[in-house]
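Throughout, read-outs are computed from the coordinates displayed, never taken from laboratory work. Worth saying up front: this structure is predicted, and the values here are computed from it rather than measured.
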Amino acid sequence: MDTEKLIAHARARFDHAAARRTLKEKYQGKMTFAHAGGMWRAGPELQLTILSCTDTEPVLLDLYENPVKVNARELMSLSQQRWQEQMNAWLAEYEELNKNR
């Protein structure tokens, strides 16, 4: 390969990696939501924490380390809904990004 092709290939790889990082940051930001006076980030960690609680109204620490009494069912439902919506959107954009690569 000549130098120009190598440079073009390296730029394309770098641009793709940067676009993937930007996409990840975009959707991680969209995972945040408010509930019961606290801020939460939807995801497996929150959902496992909720599942591990035996109380129906546990006190959990939100994103800002504030103790918040929550309804476990409501918080789980909101977390699962937000997580699935954003993951589906993220996947669609990720697949489009890979097509354009």
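Working note: Karplus 6.51/-1.76/1.60 with θ = phi - 60° gives segment 54-60 the couplings 8, 7, 7, 10, x, 9, 10 Hz, where Gly and Pro are set to x. Mean sequence separation of contacting Cα pairs (under 8 Å, at least six apart), scaled by the length of the chain, corresponds to a relative contact order of 29 percent.
Checking the cross-link filter: which aspartates and glutamates have an alpha carbon closer than 12 Å to that of Lys69, excluding same-chain neighbours under 8 positions apart? The reachable aspartates and glutamates, counting only those whose Cα sits under 12 Å from Lys69, are Asp55, Glu57. In straight-distance terms, cross-link reach from Lys26 covers every one of the lysines whose alpha-carbon lies under 28 Å from its own, apart from those fewer than eight places away in the same chain; here that gives Lys99.
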